[in-house]
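Working notes for the structure below.
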Amino acid sequence: MSAARPPDPGRTRTCPHCKSTILESADVCPACHHHLRFGADRRSASAPTRSAFRVEGVIANQEQSSVWEYTVVVALLDAQGAEIAREVVHVGALAPSESRKCVVSVDVRPVAVATNDRHFAKSTLGR
Ligand SMILES: [Zn+2]
């Protein structure tokens, strides 16, 4: 019925459920996990999503006499070390004996683009 648009890697949109900025190609919002109506027809044209890495760690306040304040920061750097993005994901406090698990993951999905499409390389690097 509708003509398929060519892939535009890195293009974003707003999740209608949680208002997070997500990839336009996402079938499921990575923030709120709601299924999105877009993308199902496009997914078949690209490779499946895979995990580039996943890191887990636990912060545990083992002191009995103090509360720990904490700040969770995620930063993204380019190959030269220049910061592309930095976000404070959450702040809070841990009472004695409380803990939190922190999980950071990066998923990737190869998207076929025309080899002469230089617009892609320049337009998506800074995102
Ligand atoms: Zn969402």
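State all residues of the range 96-116 that are surrounded by 10 or more Cβ atoms within 10 Å (Cβ to Cβ) and more than 13 Å from the chain's Cα centre (by Cα); if no residue qualifies, say none. Listed by number, the residues that qualify are P96, S97, E98, S99, R100, C102, P110, V111, A112, V113, A114.
Confirm whether Q80 is farther than 30 Å from G10 by Cα and loosely packed, with under 10 Cβ neighbours inside 10 Å. No; evaluated as a whole, the condition is false for this residue. Taking the range 20-34 as the range and being more than 7 Å from the ligand (Cβ to nearest atom), out of contact with any strand residue (DSSP E or B) (no Cβ under 7 Å at 6 or more places or on another chain) and at pLDDT 90 or above as the test, only H33 passes. Candidates in the range 35-52 are the residues that are loosely packed, with under 12 Cβ neighbours inside 10 Å and of a type in the set (S, T, Y); of these, the one that is modelled with the lowest pLDDT is S44. Of all residues in the range 19-37, none that is touching a residue at least 60 places away in the same chain (Cβ under 8 Å) and over 15 Å from R50 (Cβ atoms) has its Cβ atom under 6 Å from the Cβ atom of a residue that is among the small types (G, A, S) and buried (at least 17 other Cβ atoms within 10 Å of the Cβ), 6 or more apart or on another chain.
The values are calculated or read from the model by the stated rules, or taken from the named source; none is laboratory data. Everything numeric in this text was worked out from a predicted model, so none of it was measured. As a convention, Cβ positions derive from the backbone with ideal geometry for all residues, glycine included, and neighbour counts pool all protein chains shown.
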